[in-house]
Amino acid sequence: MSSETATLARFVGSLDFENIPRDVIERTQLLIMDHIGIALRARHAADLNESMCSALNGLGFTGGSASVIGDPQNYAPPAAAFYNGNLAHSLDFDDTHARGSIHPSAPILPAAFAAAELAGANGRALITGIIAGYETQIRISMALNPSEHYQQGFHPTATCGVFGAAAAVSSILNLSPEKVERAFGLCGSQAAGSMQFLVDGSWNKPFHTGYAAMSGLIAATLAQQGFVGAKEAL
């Protein structure tokens, strides 16, 4: 019997744009536009921008090949995913899946955008990857029972988001199911997100989605290049 991880990896590795229902594609296009609009506003309104720009400049992450929404300069792909993920969740207007109790787009789309720029992928590949990410992240969150997850002190958007981000990138990079499974294995060591931000209103909440986006991108790229992650991460 296949493990849950292998089953999900096969789904991600075999998802084809031609087999996706038209209404799902159209809904995804709307979600993309919604995400970009929120991130664009956040680039000019979120409190975190000054420290984020200073930190990424100081770390040498500017001048790369990937875009941050609303920013005139380019960044290294992991940094762009990280920054865009922070922007997407900083105003807390991003999309919500009620049963999963998560914000799917904030970790998934920034990772997908960075991967698409990195790989020179077309719009069909981007949309397919995003859908793979949504299916992955939402199904994991529903399976773990989000209310219990919250009670244990974890933020499902963060802990599940890294898997969604990796699924999106894996699809865009056209990874085999075996390599998707390896990417998920690396995600299992990066799935994190403490609810402690509720105590003092800190900026950890948008940090969670940015970190998940960046970590998913790194996990899938490592798997693409042959790095072996643990099996059965789920």
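Each value in this text was obtained by applying a stated rule to the coordinates, not by laboratory testing. This one's a predicted model, so the numbers in the text were calculated from it and none came from an experiment. Neighbour counts run over all protein chains shown; Cβ positions are idealised from the backbone, glycine included.
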Fill in: Distance (nanometres) between label positions extended 7 Å along Cα→Cβ at residue 192 and residue 73
2.6
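So, counting K/R as plus one and D/E as minus one, what does the shell of residues with Cβ under 15 Å around residue 75 add up to? Don't skip to the answer; put the middle values down first.
Values: positive: 43; negative: 71, 117.
Net charge around residue 75: -1.
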Discussion item. Rounded, prolate or oblate for the stretch 48-144? Axes are the square roots of the Cα gyration tensor eigenvalues, ordered a ≥ b ≥ c, and the cut-off for rounded is a/c under 1.5.
Written reply: oblate
Fill in: Charge dipole of the chain about the Cα centre (unit charges at C-beta), most positive-ward option of 51, 163, 96
163
Worksheet item: For residue 222, what is the net charge nearby, where nearby means another residue's Cβ is under 11 Å from its Cβ and Lys, Arg count +1, Asp, Glu -1?
Response: +2
